[in-house]
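Inspection log for the structure reproduced underneath, given as structure tokens.
The values are calculated or read from the model by the stated rules, or taken from the named source; none is laboratory data. Here the structure is a predicted model, which is why all the values come from computation and not from measurement. A quick note on method: Cβ atoms are made from the backbone with ideal geometry, for glycine too, and the neighbour counts reach across all protein chains shown. Ligands, DNA and RNA are stripped out before the accessible areas are found, and what is left, the full protein with its side chains, is counted by its heavy atoms. Shrake-Rupley method; radii C 1.70, N 1.55, O 1.52, S 1.80 Å.
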Amino acid sequence: MTDQQQATGVPDEARFHLDCLWQPTESDPAGRLVFELSNMGTEPVEGFRLAFTTLRFVERDPAADNVRLIDRRGYFHEVAPPEGVQIAPGGVWRFSLGGITGVPQHRGEGIVSAYLTPVDGNRQAVTVGDLRRQASGETRATVAAGPARYALTPWPVEAELTPSDRLSGYIVPADGTTAEELSTVSTVTALFRRLFPLEPAPFSLMALPGDRLVRFASGAGLGREGYRLDFQDDEILVTAASAAGRQYALTALGQLLRGARAGGDFRFPARGHILDRPRFAWRGCHLDTARRFFLTGDIARFLDSLAYLRLNVFHWHLTDDEAWRLEIRGFPELTAVGAYRGPEAALPPQLGDGLHPSSGSYSHADVRALVAHAARLAIEIVPEIDIPGHSTAALAALPALVDPDEAAGSYASVQGFANNALNPAVELTWTMLEAVFDDLIELFPSAYLHVGGDEVAEGAWLSSPLTVRLMKDLGLDDAEALQSHFMRRVQARLTRRGRQLAGWNEVGNGVGVEPEGTLLTVWQKAAIGAGLAQRGYDIVMAPAEAYYLDIAHADGWDEIGMSWAGATSLEATYAYEVGDDIPSDLLPRLKGIQACIWTELIDSRAHFNHLVFPRLAAVAEAGWTLPARKDWSRFRELSAFCPTL
Ligand code: ACM
């Protein structure tokens, strides 16, 4: 972990994984710790040092086997392999240490953290597994009387399963698993350990008697994100065409095991198969980090919950009236001023701010760490810079963006922000946007860059003499026509640089932009989607009446959340069927669906969890599962397994 990454709180990429087994011995009542370090990278390693921390520190003669103990201070240990030991990709270095303090009593007393120092000194992250002991071979004391159920969310295309009565053990990769496959096992293990730190992980890379073995095969016919699971006498075959499909297969296995461990009617399969692929390519969730700043570690954890639900797009709302959160090279004021609110600041306190100033912005290092974390979980981050409206923070940060002759207070947004649109007739607007696009393109590999376009206030710009002159020169009659001109100019710049424009549905208002290659997020009313698709726009449906997760669950006075789009119960979110709003001939334009989380009233983790989960799982199931396979009562029961932030 580099110092820079440590500051972000985002998990690092790990090319090594460390497992540990506690083994009682006859000669020493405290027993030994047996370690396996797996190399999941593409290069062999040797001559390295391995550091790890464990409560059960080596106190006496370590009675080391196949290892040298170099250092031990408190719980910190550093070890090295004997001269000449090399770990090939996919290979393992096995060693053990005795002389430990006391007998481990709990799963959490194993390796808590680790890193590896190769010969070049560039330290590498190491993921760690649960402390293992010899499995007890436990079977279920009582097998529930009801039919077996399986804890899968989203529900798969096809599942024909016979339940197992055997409970114990972890799922472990069979011999011959490649480094790349091991890496997916380690990624999903780490994902479950982060999301559910109180539960045993579903996977271990160290095989013990009683474990279930998983093997891997590649299956080109399953599609980019599809997978197949075959269960035979507690052995499992995963078939997938890609790392994403493999990840989803392992996530499904992890969910099944979580359910079986929770008990009741939930079981792990002994035999049968699951065949699965998503309904939509775009299964998204948006998060407003402008109204409310989220630490990068919290965003990383939120990405974890998306991955668990097999959502694959994170629409990251980075700017709004209330704040500009993304560091832009050449325009430090955007974050220095535009991400700072307070009683004496250029931006006044907003919802949730009190007497103390509030601030928070994302550096390029933060963004890189999050983009990499998302990519490891098969999630694409689509950044949003919300222009030309919703731009109070940018205008406060860079007053030269304002036409000095525009009358103050000449128009206001629905949220009450006066004169909050970037002015297309001010040349600095375009210089600034060019710098913004430079940074977005460098930081985010996504095909789409989202440029907002929502809620430009009626009458915007019309009292700016510079704008009036521009409109006259261009022969434009009203603000809507000018917004189209603005967005078309943005689109031309993005297209020249190989990126595609995404925006909110208002981007299609009036003459809109060039539909070819444009993606619009439909939020205002589901009915708008079909019209946009008819005009040739690709669409993602995020109708506020069903998929805005900041809207309250119900109408009661004591409910939490926004009310402008009514109230949306979990059942209503689950019941919304996008196919009812898009005629079948336009379905090729429907790229998928998306939840949105606006944060004006999300004032705490409790608010967030109450509003977002498990409604997010309902959106995830709509994005993945065919309507005929959905089932409200099944979903409602399984929602108990949903993660939270
Ligand atoms: C939006 O809710 N203004 C996209």
(request) Name the one entry in Lys630, Lys591 that is under 19 Å from Pro156 (Cβ atoms) and in contact with an Asp or Glu (Cβ under 8 Å, 6 or more places away or on another chain). (result) Lys630
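Kindly establish whether Leu50 is open to solvent by less than 10 Å² (accessible area, probe 1.4 Å) and modelled with pLDDT of 95 or more.
Numbers: open to solvent by less than 10 Å² (accessible area, probe 1.4 Å): yes; modelled with pLDDT of 95 or more: yes.
Judged against the criteria, Leu50 is a match.
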(request) Quick one: which residue in Phe641, Phe608, Phe635 is within 23 Å of Trp316 (Cα to Cα), aromatic (Phe, Trp, Tyr) and more than 16 Å from the ligand (Cβ to nearest atom)? (result) Phe608
(request) Scan region 568-605 for residues that are more than 16 Å from the ligand (Cβ to nearest atom), hydrophobic (A, V, I, L, M, F, W, C) and not in a strand (DSSP E or B) and jot them down. (result) Leu570, Ala572, Ala575, Val578, Ile582, Leu586, Leu587
(request) Kindly establish whether Val522 is among the β-branched types (Val, Ile, Thr), within 16 Å of the ligand (Cβ to nearest atom) and modelled with pLDDT of 95 or more. (result) yes
(request) Report, by residue number, each residue of region 442-459 that is more than 15 Å from the ligand (Cβ to nearest atom) and either more than 32 Å from the chain's Cα centre (by Cα) or modelled with pLDDT under 95 (or both). (result) Gly459
(request) Report, by residue number, each residue of region 379-406 that is open to solvent by less than 30 Å² (accessible area, probe 1.4 Å), touching a helix residue (DSSP H, G or I) at 6+ places or on another chain (Cβ under 7 Å) and small (Gly, Ala, Ser). (result) Ala394, Ala397
(request) Kindly establish whether Ala567 is within 22 Å of Phe314 (Cα to Cα) and modelled with pLDDT of 95 or more. (result) no
(message) Looking only at region 550-567, count every residue that is within 12 Å of the ligand (Cβ to nearest atom) and open to solvent by less than 10 Å² (accessible area, probe 1.4 Å) and tell me the total.
(response) 2
(message) Being at pLDDT 95 or above, more than 17 Å from the chain's Cα centre (by Cα) and surrounded by fewer than 17 Cβ atoms within 10 Å (Cβ to Cβ): is that true of Ala628 here?
(response) yes
(message) I'm trying to understand the selection: among the residues of region 496-547, which are part of a loop (DSSP other than H, G, I, E, B) and open to solvent by less than 40 Å² (accessible area, probe 1.4 Å)?
(response) Arg499, Gly512, Val513, Pro515, Gly517, Thr518, Trp523, Ala526, Gly536, Tyr537, Ala542, Pro543
(request) Check whether at least one residue in region 407-416 is of a type in the set (S, T, N, Q) and in contact with a Ser or Thr (Cβ under 6 Å, 6 or more places away or on another chain), and report yes or no. (result) yes
(message) Between a residue in region 515-528 that is among the hydrophobic types (A, V, I, L, M, F, W, C) and any residue that is in a strand (DSSP E or B) and open to solvent by 30 Å² or more (accessible area, probe 1.4 Å), which pairs come within a Cβ distance under 7 Å, given they are 6 or more apart or on different chains?
(response) Leu519/Tyr448; Leu519/Gln500; Leu519/Lys591
(message) From the list Phe57, Phe48, exactly one residue is closer than 14 Å to Leu97 by Cα, in contact with a strand residue (DSSP E or B) (Cβ under 8 Å, 6 or more places away or on another chain) and among the aromatic types (Phe, Trp, Tyr). Which is it?
(response) Phe57
